[in-house]
1. Residue pairs, Cβ under 8 Å, 6 or more apart or interchain, first in region 139-160 and over 20 Å from GLY111 (Cα atoms) and of a type in the set (Lys, Arg), second buried (at least 18 other Cβ atoms within 10 Å of the Cβ) and at pLDDT 85 or above. List them.
2. Take LEU130 and decide whether it is out of contact with any Asp or Glu (no Cβ under 7 Å at 6 or more places or on another chain), touching a residue at least 40 places away in the same chain (Cβ under 8 Å) and either outside the structural domain of GLU181 (by TED's automatic domain parsing) or over 30 Å from SER200 (Cα atoms) (or both).
3. Tell me the residue from SER180, SER208 that is surrounded by 13 or more Cβ atoms within 10 Å (Cβ to Cβ), free of Cβ contacts under 8 Å to residues at least 60 places away in the same chain and closer than 26 Å to ASP83 by Cβ, please.
4. In region 150-199, which residue that is closer than 23 Å to MET238 by Cα, polar (S, T, N, Q) and in a helix (DSSP H, G or I) is farthest from the chain's Cα centre (by Cα)?
5. Evaluate the following for ALA260: is it more than 24 Å from GLU173 (Cβ to Cβ), surrounded by fewer than 20 Cβ atoms within 10 Å (Cβ to Cβ) and not hydroxyl-bearing (Ser, Thr, Tyr)?
6. Being buried (at least 20 other Cβ atoms within 10 Å of the Cβ), out of contact with any strand residue (DSSP E or B) (no Cβ under 6 Å at 6 or more places or on another chain) and not β-branched (Val, Ile, Thr) is the filter here, so list the residues in region 73-103 that pass it.
7. Which one of the conditions (1) touching a residue at least 60 places away in the same chain (Cβ under 8 Å); (2) among the β-branched types (Val, Ile, Thr); (3) within 17 Å of ASN32 (Cα to Cα); (4) surrounded by fewer than 21 Cβ atoms within 10 Å (Cβ to Cβ) does VAL224 fail to meet, given that it meets all the rest?
8. Of all residues in region 228-254, which are outside any loop (DSSP other than H, G, I, E, B) and surrounded by fewer than 14 Cβ atoms within 10 Å (Cβ to Cβ)?
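The values are calculated or read from the model by the stated rules, or taken from the named source; none is laboratory data. Predicted model only: the values in this text are computed from it and were never measured. Every residue, glycine as well, gets a Cβ built from its backbone with ideal geometry; the counts of neighbours run over all protein chains shown.
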Amino acid sequence: MEGEALIKVDDVRHAFLSKTGEEEVLALDGINIDIARGEMVSLIGPSGCGKSTLLNVVGGMIAASQGHVLIGGTPVKGPRPKDVAYIFQESALLPWATILDNIKVSLEFQGVPRASRDKIARISLTAVGLDAFGDSYPHQLSGGMKQRAALARALSLRTDILLMDEPFAALDEQTRMIFSEDLSRLLANEHKTIVLVTHSLAEAVFLSDRIFVFTSRPGRIKAVLNVDEPHPRIPTFMTSSKFNDLRNRLYELLRDEVLAAIGKDRQGLA
């Protein structure tokens, strides 16, 4: 995708100690990625290939063993809450607070003046279709609605970048499809730069401008698939021959890597 590289991942390598602390395990090896402003990319690969590790390096949650990440041309040295918001697999909403107050608490942590928090929170809830549920508590919402609330919280922070670590994994397939449509509309309206970690081939194809396919551990970029389809993506895209061709190609690229990862896991259990 053409345009300014908002996120630049330059030769990132990351290793961590094994559970016994006796040896290094190489998680990522030589990752180079440029992500344009307003682009949505997916990171997909077998379990343990370093996708979430890379997401955390980009977000400044962990430091790479080698290489560096730039956001807007500035090196990432730690968390950057003014630039980056996270959405995780679990909504992580405070159970004792209303949905509106959950968002306002996040705004407080970001240093937003008290007088502005209520208005910003309500605008964000409206953007995800939850304007009627601001006074509800998390236990009163379905799983899909909780994730919408988490998305509203991330939107309220008004960061340029959203990092999403399998945000749909706990949802049923039908809800995931609707959530994906909503996210595509959001991308078209808000022009956010989004990095999504997913295991779902359909999700990656439906949402992404580009898909980065990882090898089994240590994670390297095996291939990059371009999805030349404008946002917002419409439901019929998912039943098109173009969609099926891309998903089949993605499966072909991933199959050997998944088999290799399973083999490594089996060796670890032996």
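1. Within 8 Å, the pairs are LYS146/LEU93; LYS146/PRO138; ARG148/LEU130.
2. No; evaluated as a whole, the condition is false for this residue.
3. Numbers: SER208 fails: free of Cβ contacts under 8 Å to residues at least 60 places away in the same chain.
It is SER180.
4. Selected residue: GLN174.
5. For ALA260, the condition - more than 24 Å from GLU173 (Cβ to Cβ), surrounded by fewer than 20 Cβ atoms within 10 Å (Cβ to Cβ) and not hydroxyl-bearing (Ser, Thr, Tyr) - is met.
6. SER91, LEU93, LEU100, ASN102
7. (1)
8. First, pick out the residues of region 228-254 that are outside any loop (DSSP other than H, G, I, E, B): 235-239, 241-254.
Hits for region 228-254 are PRO235, THR236, THR239, SER241, LYS242, ASN244, ASP245, ASN248, TYR251, GLU252.
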